[in-house]
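Report on one structure; see the data block that follows.
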Amino acid sequence: MDKNGADNLEKPLPNSYEISSDFPEKTSEKFNELVELLIDLESIAPSNGSALRSEVTPNDVSVGGKFGGDSKSLSQNREIIARSPQDRISVDRSSSDREIRALPPAVSSEIFDRKPVILKEIVPSLPVENNYLEDTKKGDRPEFKQAKNSQHFLGKVTSSHRIDGDKTELSTLHQQVVELEDKLTNLEQQVYQPTELVNPLLPLIVELLKHQNEVSRDSLLSAIVPIIDRAIRQRSQQDVAAMSEALADVLPGAISQEIQKSPEQIAKAIAPEIALAIEEQIKLDREAIANTLGPQMGEAIKTQIKVEQNAMVDALYPVIGNTISKYMVEMVKAINDKVENTLSLKGIKRKIQAKLEGISEAELILQESMEFQVKAIFLIHKNSGLVMREFQLSSESKLETEMLAGMLTAIRSFVNDCVTKPGEFSELHTIECDAFKIILEVAGYCYLAAIVKGEPSKQFIEQLRQTLSEIAIDHDKAIAAFNGDPATIPDRVQPLLEKLATKSQISKKTSLPVGIILLLFIPILGLGFIQYRSHIARTVESKTATALESSPELSVYGIVPEVRQGKLHLIGKVPNQYLRSQAGKIASTVAPNWQINNQIVAVKVPPDPVLTAGEVERVTWLFNQTKGVAITTESEYGKNKVNVTGIVPDMAIAQQITQAFQQIPGIDAVSNTVQIRPILETRLYFESNSTQFSRADVGSKIKAIQEFLDRNPRVHLRIIGHTDYRGQQPQNQELGIKRALVVKQALTASEVNPARLHIFSSPKLPPGMTAEQPLWLSRCVRFEVFIPQ
Amino acid sequence: MSLISKKICLVGDFGVGKTSLVRRFVDRQFSDQYLSTIGVKISRKLVKLSANGNVESPDVQLVIWDVEGQTRFQAIASSYLQGAAGAIIVADLKRPETIASIVQHIALAANANPQGIAIVIALNKVDLIDETALADLLSLSQWEDRTEVVGTYTTSAKTGNDVDEIFQTLAQAMV
């Protein structure tokens, strides 16, 4: 065997790493190679032992690290080789680098030394073997064919070197070939059961990968990338930890290679997981994500704005829009407040100021709403842009004076050079930046730059110009000769700048010329005073009106309180004096410090209700003194009305009564329901000492009385019995009662309600009778009409 | 006593390394990226003057105007150069035409400042050429007769070679 042999052996082997579908073929191939190796050794042997020695060194057949079979098949291979003549050839797989040495040095040296002898011993047996092989050949598989060919070759070789030998050795060899056949069959079976081959291989793969990873990562990658998925799956089922450990080093490389090869696929594969991964990481450590992404966000946003500005505007509008609208709301509120107090002292002042300055009032309101402040003032050398003098508000962080001045100068130059047409000359006056403004005023060799916040007033700009011209005229030489040393600029410039900056800060009022202020001050004061007084007056008026309206008795009369000449006038009409004075009382409670002029007209002054009531009572009593008059009165204050009920003797008295009550002050209406009292003059006469009245009277007089009572249903009768003056008083009294009773009975018999009849006895002579008149005139029963209460 | 400031301008063709020189001088940084200056970039730096023996050494604040480079289409705006006490005219040693235009720039700076101006020539990117070539390039100089020029240096903003020196020399000449 020579170096070519070793090369041939090595060549197909690298593929044996691959645990792929063609693995069985590979394994059989390898087996065949081993057989060939065996044959080669034998074929070479008889030619020249020394030549072989010089050509073959044991290391030439090494298969370092390239063997891919599993340990089982490996041991079988070794066994096969070991069973070749004299057990002289063995395979060593114990060395750490997995080299398989076909001929370990010790063994090979023995072969080399004794080769001719050994071969002599082997060769005689071969003819028989050849025959046997021909008998036993079977199967059409390529590997079998290969094996058969080899055996055929072996037969040929042996036949060409036929040497006589004894039969026992031949039979041994024969036996070995039978065993070889068995192994081959066994191996074939295994080849068709890949798992049995694969499983024992797995640990080895891990080791191999590690080793190869250290030696040559790239070749490993190129080999492993196409089958990495299956290998990983298989191995990870077995031993996850070892797999992870082994793969950890290669993975980044493998992934980057894959990314280079097909970035889109990698992106597709990873994309759905990225969101989840970020979410998970945020849960674990929020800041880490922020720190990682933070710096990139700015760039990303910038790029996005460049690429798709409108989309960004849409996205940001809800946030920025709100901020702006919040600011606008505050601004509008401020303006609103200013507009609302238009008539206040401040409002009037603003109106006058607007007229004086020749700008709109709205502009002034805007100025007031946006707080005006001078942040800094610089006196800058026009050509060099160097700062000659400056004044900055100490509270603020100092501006980068030189840079700012330089830049302003450059901008000025730029505008003059590029914006203006050649031959013309124009100046930059303001640079606006949100709430800030830079006001530029140029004169001579210098210019003033004022950085202000808010809206500068016209006076301020006027003042700025005035200050600048003062400086430019007074110090033009120093300024023209300015060489970068501020000390060459007279110190008198500094206070001018300070004055300009601070004066505008305090108030714009003082920036008005003093004379105008004084002239303005008086009318403003007067107007203000009037305004103030008017304001107070309005307050008192409205307060009084409210109080009057909330008083129930006065609310309907619409009394108007009015302040005139320092007095609170009450104007209106009420029906009476009482309400008038009531209104006066309310007004003086509401405005205790005001002199009240009660000009309310009491259209009708009602009498004191108490007095009216007394008068009604008096008139009633007076009428009741008149004979036949029995009246009662009922009067209501609220209605100013008197109801008169009762009995009067005739119509004339009834009319008198009505007139009399109508004349009482406070009484508007008299309801007179008095009745004219009927008079019953009828008398029934009796014989002396008798209770029997004349029968004739029964039919006529009793009937007449009954009819009278029927006509006047409310009327009751007093039936009064009289006697003549003769006889004893008690008897007369008794006789009188008896006579009245008889009359009553006679009336009751005539169906008169006895409840209307009341009997009395009178010891006196009947009215109109005297002792001189005949006695029978006194023996009578007379009637008095009355209406019970 | 207040600090004296001086305006100086860097003038030269586009891409000769004016901004890089300023950046090296002011920020002590260098970047290979080329960013074209538009308009003017202004920086400032305080320079300590070495004592001349007679009086004390005052500090000078340099207000450095890094003016955009001249291209075929656009001349340098002379108004940027007005009021400058000094100028550094920069050329690129790798581009001989930029050295050729130095004389123009000197004239421009001098005309903008009739009261006088100190000029330093900086032949930049010296790190990119070898010494023999350098000798040939230096022979191109035609500004020996200009009295304004107070020094000529081969500089490198990348290595920092002679960068501080040009500013120092100029500052010294201006005071």
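Results for (1) surrounded by 14 or more Cβ atoms within 10 Å (Cβ to Cβ); (2) under 30 Å from residue A:36 (Cβ atoms); (3) at pLDDT 75 or above, shown as yes or no for each residue.
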{"site": "A:151", "(1), (2), (3)": "yes, yes, no"}
{"site": "A:168", "(1), (2), (3)": "no, yes, yes"}
{"site": "A:188", "(1), (2), (3)": "yes, yes, yes"}
{"site": "A:193", "(1), (2), (3)": "no, yes, no"}
{"site": "A:206", "(1), (2), (3)": "yes, no, yes"}
{"site": "A:221", "(1), (2), (3)": "yes, no, no"}
{"site": "A:234", "(1), (2), (3)": "yes, no, yes"}
{"site": "A:241", "(1), (2), (3)": "no, no, yes"}
{"site": "A:244", "(1), (2), (3)": "no, no, yes"}
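Listed by first and then second residue, the pairs linking a residue in region B:57-68 that is closer than 10 Å to residue B:175 by Cα and within 9 Å of another protein chain (Cβ to nearest Cβ) to a residue that is small (Gly, Ala, Ser) and open to solvent by 10 Å² or more (accessible area, probe 1.4 Å), with Cβ atoms under 7 Å apart and 6 or more places separating them unless they lie on different chains, form an empty list. On inspection, residue A:419 fails the criterion of being touching a Leu at 6+ places or on another chain (Cβ under 6 Å), open to solvent by 20 Å² or more (accessible area, probe 1.4 Å) and within 14 Å of another protein chain (Cβ to nearest Cβ). In the set (1) closer than 26 Å to residue A:430 by Cβ; (2) within 11 Å of another protein chain (Cβ to nearest Cβ), the condition left unmet by residue A:483 is number (1).
Among the candidates A:692, A:625, A:663, A:655, the residue that is modelled with pLDDT of 85 or more, exposed (fewer than 14 other Cβ atoms within 10 Å of the Cβ) and not hydrophobic (A, V, I, L, M, F, W, C) is uniquely A:655. Can you tell me which residue in region A:486-501 is farthest from residue A:450 (Cα to Cα), limited to those that are more than 14 Å from chain B (Cβ to nearest Cβ) and open to solvent by less than 60 Å² (accessible area, probe 1.4 Å)? Among them, the one singled out is A:496.
For residue A:441, state whether it is more than 14 Å from chain B (Cβ to nearest Cβ), modelled with pLDDT of 85 or more and open to solvent by 60 Å² or more (accessible area, probe 1.4 Å).
no
Which residues, taken from region A:424-465, are in contact with a strand residue (DSSP E or B) (Cβ under 7 Å, 6 or more places away or on another chain), of a type outside the set (Ser, Thr, Tyr) and outside any strand (DSSP E or B)? Result: A:427, A:428, A:429, A:435, A:454, A:456, A:461, A:464, A:465. No other residue among A:257, A:238, A:265, A:234 is of a type in the set (S, T, N, Q) and under 47 Å from the mean Cα position of the chain (by Cα) apart from A:265.
What about residue A:408, is it within 14 Å of chain B (Cβ to nearest Cβ), farther than 19 Å from residue A:494 by Cα and at pLDDT 85 or above? Spell out the reasoning first.
Details: within 14 Å of chain B (Cβ to nearest Cβ): yes; farther than 19 Å from residue A:494 by Cα: yes; at pLDDT 85 or above: yes.
Considered against the rule, which asks whether it is within 14 Å of chain B (Cβ to nearest Cβ), farther than 19 Å from residue A:494 by Cα and at pLDDT 85 or above, residue A:408 comes out as yes.
Here region A:703-731 is the region considered, the condition is being closer than 21 Å to residue A:766 by Cβ and touching an Asp or Glu at 6+ places or on another chain (Cβ under 8 Å), and the residue that is surrounded by the fewest Cβ atoms within 10 Å (Cβ to Cβ) is A:718.
Against the test of being open to solvent by less than 50 Å² (accessible area, probe 1.4 Å), not in a strand (DSSP E or B) and not hydroxyl-bearing (Ser, Thr, Tyr), the options B:65, B:143 yield a single qualifying residue, B:143.
Within region B:1-35, the set of residues being in a loop (DSSP other than H, G, I, E, B), among the hydrophobic types (A, V, I, L, M, F, W, C) and within 14 Å of chain A (Cβ to nearest Cβ) comprises B:1, B:3.
Could you please give the count of residues in region A:739-789 that are of a type in the set (D, E, K, R), touching a residue at least 40 places away in the same chain (Cβ under 8 Å) and within 19 Å of residue A:687 (Cα to Cα)?
Residues of region A:739-789 of a type in the set (D, E, K, R): A:739, A:744, A:751, A:756, A:764, A:772, A:779, A:782, A:784.
Those left that are additionally touching a residue at least 40 places away in the same chain (Cβ under 8 Å): A:739, A:751, A:756, A:764, A:779, A:782, A:784.
Next, from what is left, pick out any that are within 19 Å of residue A:687 (Cα to Cα): A:739, A:764, A:779, A:782.
The number of residues fulfilling the criteria is 4.
Every condition in (1) within 14 Å of chain A (Cβ to nearest Cβ); (2) open to solvent by less than 40 Å² (accessible area, probe 1.4 Å); (3) in a helix (DSSP H, G or I) holds for residue B:111 except the one numbered (2).
Restricting attention to region A:694-711, does a residue exist that is within 16 Å of residue A:740 (Cβ to Cβ), in contact (Cβ under 8 Å) with a residue 12 or more places away in the chain and assigned to a loop (DSSP other than H, G, I, E, B)? No, region A:694-711 contains no residue that is within 16 Å of residue A:740 (Cβ to Cβ), in contact (Cβ under 8 Å) with a residue 12 or more places away in the chain and assigned to a loop (DSSP other than H, G, I, E, B).
The single residue among B:87, B:77 that is within 13 Å of chain A (Cβ to nearest Cβ), within 20 Å of residue B:141 (Cα to Cα) and touching a strand residue (DSSP E or B) at 6+ places or on another chain (Cβ under 9 Å) turns out to be B:87.
Being open to solvent by 30 Å² or more (accessible area, probe 1.4 Å) and either under 18 Å from residue A:729 (Cβ atoms) or assigned to a loop (DSSP other than H, G, I, E, B) (or both) is the filter here, so list the residues in region A:746-758 that pass it. Hits for region A:746-758 are A:750, A:751, A:753.
With respect to the conditions (1) part of a loop (DSSP other than H, G, I, E, B); (2) polar (S, T, N, Q); (3) open to solvent by 40 Å² or more (accessible area, probe 1.4 Å), residue B:104 falls short on a single one, namely (1).
Quick one: residue B:48 ticks every box in (1) within 14 Å of chain A (Cβ to nearest Cβ); (2) in contact with an Asp or Glu (Cβ under 6 Å, 6 or more places away or on another chain); (3) under 20 Å from residue B:172 (Cβ atoms) except a single one, so which number is it? Result: residue B:48 passes all but (1).
From the list A:462, A:427, exactly one residue is away from every other protein chain (no Cβ under 14 Å) and within 55 Å of the chain's Cα centre (by Cα). Which is it? Outline the logic, then answer.
Details: A:427 fails: away from every other protein chain (no Cβ under 14 Å).
None of the other options fit; the residue is A:462.
The values are calculated or read from the model by the stated rules, or taken from the named source; none is laboratory data. Not measured: the values here are computed from a predicted model. For neighbour counting, all protein chains shown are included, and Cβ atoms are generated from backbone atoms with ideal geometry for every residue, glycine included. When the accessible area is computed, the model is the full protein with side chains, heavy atoms only, and any ligands, DNA or RNA have been set aside. Shrake-Rupley method; radii C 1.70, N 1.55, O 1.52, S 1.80 Å.
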